[in-house]
Amino acid sequence: MTRRRTALAATATAAAALLTACAADGASGGGSTPADGTATTVRVADVSTANHLTLGRTSGLVDDALDEAGVAAQWLGPYTVPSVAYDALLTDQADVTTTDAAQLLTWAAEERDVVAFAVETTSGDDQGVVVGAGVPVTGVADLRGLTVAVGPTPGGVGDYVLAKALATVGLTSDDVQRVYLSESDATAEFVAGTVDAWATADEHFATAQSTPGAVVVARGDQVGSNDATVHVVSRTFAHEHPEAVRALFDGLAAQAAAVEDKPSAITDLYSRAGAPGDAIKVIGTFDVPEVAPLDDAGVERLRAFADDLVELGFLAVEPHMAHAVHDVTAGSGS
């Protein structure tokens, strides 16, 4: 999932900069290596969004969990452009990163040696479709024929949640004019009124709905969204170092618990970045993501999402799920 900008564009840039600065404060080399050099080192490509891996780097909870397992973290980034982190993983310059479930399933379909070991889920209240000020829309059915910004990637979260919303009223994505834009460009176009609506998630969703005159016509939890964020690791690393992957999961779980106890940790972050008060209030209403392993229940969650992608035409066939996950509760893995 992605995050915020303008008028408003400056806000997203500031938020990313703050995430970068905060992560840089949290031990660039995390963990410690014994004098005999026998400790495992995990290279983590940090994507600078408010996911639990990035937050756990800042808080030190991920490094703490790794230290307890005798594992050292080599933090890479943070990367404000996720594709750079993905390239690092796919070219063996990193062992771990964070992405969305759609990207994981694309990799699985391509038979990439990448597996998910943790999933972050919410009710879906942090994603949806928002129409701009003055657009004569009162419900999803009124989107027919209108222009909708859906983010930069076909089949991404914006494209997905729009298609799920349209399906509830018997429409498809072909019934609207989808516009693929970066989140910063989508913000500018939405505020300027050059697109009628914006399908997006996370802080961009908060920014969109807090824009004066904007109206939310669909939300992920209202349309049955199964979208999720996943933390992924190379298959080779998971096979050779399952204890390190388990430690990473434990750090993520500890971070999720910390945010559950203090949800304001996320809104405080954006407040310090100078985000508009109205957007921060919206962010504060979003569910805190829960972290779960890719055990049977986790796999079923991913399978439900894959079924959606196939049904909506974003994926040709459901990948072999057992090949796409590493279950930290099983002791071994994929």
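Table for the structure above
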{"read-out": "Positions within segment 278-334 being in a helix (DSSP H, G or I) and in contact with a Ser or Thr (Cβ under 6 Å, 6 or more places away or on another chain), in sequence order", "value": "Asp278, Ala279, Ile280, Val282, Ile283"}
{"read-out": "Residue pairs meeting the criteria (Cβ under 6 Å; at least 6 apart or on separate chains; first in the same structural domain as Arg246 (by TED's automatic domain parsing) and part of a loop (DSSP other than H, G, I, E, B), in segment 44-68; second crowded, with 24+ Cβ neighbours inside 10 Å and among the hydrophobic types (A, V, I, L, M, F, W, C))", "value": "Ser48/Leu19"}
{"read-out": "Residue among Ala256, Ala214, Ala238, Ala265 that alone is surrounded by 24 or more Cβ atoms within 10 Å (Cβ to Cβ) and either touching a residue at least 12 places away in the same chain (Cβ under 8 Å) or closer than 29 Å to Ala72 by Cβ (or both)", "value": "Ala238"}
{"read-out": "Residue match in segment 281-296 (condition: of a type outside the set (D, E, K, R), without any contact (Cβ under 8 Å) to a residue 24 or more places away in the chain, out of contact with any Leu (no Cβ under 6 Å at 6 or more places or on another chain) and more than 26 Å from Leu90 (Cα to Cα))", "value": "yes"}
{"read-out": "Strands (runs of 3 or more DSSP E) fully within segment 71-156 counting 1 or more residues that are touching a strand residue (DSSP E or B) at 6+ places or on another chain (Cβ under 7 Å) and modelled with pLDDT under 95", "value": "71-79, 96-100, 114-121"}
{"read-out": "The one condition in (1) crowded, with 24+ Cβ neighbours inside 10 Å; (2) on the phi > 0 side of the Ramachandran plot that Thr187 fails to fulfil", "value": "(2)"}
{"read-out": "Scan of segment 102-137 for residues that are assigned by TED's automatic domain parsing to the domain that holds Gly213 and without any contact (Cβ under 8 Å) to a residue 60 or more places away in the chain, ordered by number", "value": "Pro136"}
{"read-out": "Filter pass, Ala167 being touching a residue at least 24 places away in the same chain (Cβ under 8 Å), crowded, with 17+ Cβ neighbours inside 10 Å and within 21 Å of the chain's Cα centre (by Cα)", "value": "no"}
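The values are calculated or read from the model by the stated rules, or taken from the named source; none is laboratory data. Everything numeric in this text was worked out from a predicted model, so none of it was measured. Methodologically, a virtual Cβ is constructed for each residue, glycine included, from the backbone with ideal geometry; neighbour enumeration extends over all protein chains shown.
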